[in-house]
Amino acid sequence: MIAYALTFAFVCFGLGLLICLWRLLRGPTRADRILALDTMVINMIAILVLYGLKNGTAVYFEASMLVAMVGFVSTVAYCRFLLRGDIIE
């Protein structure tokens, strides 16, 4: 039963990634593109955690934490660049 649930979750998060990719490419504003990138990072974290559950290893959980940290910093840096024109003052 857990295999079906994992497959369903993989499909759902994969579709979410495709929809976010479409928004990233077709976003009318820069804010939409930033939000799409941030949501893609969240979906990738979920996929990594699901893959770790499927394989039964803890390495993917650590990788998901690294992706979360890098995704947060990149989102903040990109927003700051759009608002101020530079990242480092």
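Summary of computed values
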| quantity | calculated |
| --- | --- |
| At R0 = 35 Å, FRET efficiency that the Cβ-Cβ distance of residue 2 and residue 69 yields, to 0.05 | 0.75 |
| Candidates 19, 42, 34, ranked by Gaussian network fluctuation over the chain, Cα under 10 Å, top entry | 19 |
| Residue exposure sequence - 44, 65 - by fewest surrounding Cβ within 10 Å | 65, 44 |
| Approximate shape of the chain as ellipsoid semi-axes (Cα gyration tensor, √5λ), whole Å, largest first | 29, 17, 5 |
| 3J(HN,Hα) from dihedral phi, segment 45-51, Karplus parametrisation 6.51/-1.76/1.60, rounded to Hz, x for glycine, proline | 4, 5, 5, 5, 5, 5, 5 |
| Within-15-Å neighbourhood charge of residue 68 [Cβ basis; K, R +1; D, E -1] | -2 |
| About the Cα centre, charge dipole magnitude for the chain (Lys/Arg +1, Asp/Glu -1 at Cβ), debye | 240 debye |
| Local electrostatic count at residue 19 - Lys and Arg +1, Asp and Glu -1, tallied over other residues with Cβ under 13 Å | +1 |
| Residue (of 19, 36, 73) at the positive-pole extreme of the chain, dipole from beta-carbon charges | 19 |
| Per-residue Cβ neighbour rank within 10 angstrom, fewest leading, 88, 47 | 88, 47 |
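Here, each number is a calculation from the coordinates, and none is a lab measurement. On a predicted model such as this, the values are computed, not experimentally measured, just so you know. Cβ atoms come from the backbone with ideal geometry, glycine included; neighbour counts cover every protein chain shown.
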